[in-house]
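Reviewing the structure listed below.
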Amino acid sequence: MRGWPEFRRPLFVGAVLLFGGQQFLRYVLAVPGPALLTAYLGDLTSMPIILTLALFAQRRLVAHSRTFVFPDSWLLLAWLSVAAWFEVLLSVFSARAVADPFDVGAYALGTLAFRHWLNRAGEETGRQ
């Protein structure tokens, strides 16, 4: 992981651990968590995880530069796409999905957290 600095950032590691822990407690151990965390923690942590994975792929496969960062317009499009898919389209086609405007807010907070703490240029090492 020495060559993958995106995955060592504290916010990314924290988001993965929180999301994974919540899913483990909920689905493996069947331990109910606080309603607020159960409802919104996954939505809040999803955008930093998704966008970090996308940034890693963009840097390695497309831009070939570890200094590449997502423009704000791409972040806005990512937020709108996830919100539209999970809160609008999925609720139309699935009886289990429920549109929740607070989920859209959680996606927005996660996107802003990514923008502020994770969407940073890495050091160019000369290696690709």
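The values are calculated or read from the model by the stated rules, or taken from the named source; none is laboratory data. All figures in this text were calculated on a predicted structure; none of them were measured in a lab. Keep in mind that these areas ignore ligands, DNA and RNA; they rest on the heavy atoms of the full protein, side chains included. Shrake-Rupley method; radii C 1.70, N 1.55, O 1.52, S 1.80 Å.
Some points to look at:
- Rule-of-thumb Rg ratio for the range 1-47 [Cα; 2.2 N^0.38 Å; N residues]: 1.31
- Ligands, DNA and RNA are left out, and with a 1.4 angstrom probe the accessible area of the range 26-81 is 58 Å² per residue.
- For the pair residue 116 and residue 13 in one chain, pulling the backbone fully straight at 0.36 nm per residue adds 35.5 nm over the alpha carbon distance.
- Selected from 107, 27, 40 as most flexible by GNM, with the chain as the system and alpha-carbon contacts under 10 Å: 27
- Within the listed set 109, 36, 77, the residue fluctuating most in the Gaussian network model of the chain (springs between alpha-carbon atoms under 10 angstrom) is 36.
- Both radii were evaluated on the Cα set of the chain; the Rg over Rh quotient, with Rh as the Kirkwood radius, amounts to 1.02.
- Helix 72-84 vs. the chain, principal-axis angle (Cα, 0 to 90°, nearest 10): 20
- The chain: angle of helix 101-113 to the longest principal axis, Cα-based, in degrees nearest 10: 20
- Remark: the residue 99-residue 57 segment gains 12.1 nm on full extension, using 0.36 nm per residue and subtracting the alpha carbon distance.
- Look at where the Cα atoms of the range 1-67 and of the range 83-105 average out, and the two centres are 20 Å apart.
- Accessible surface of the chain, 1.4 Å probe, proportion on carbon and sulfur as whole %: 72
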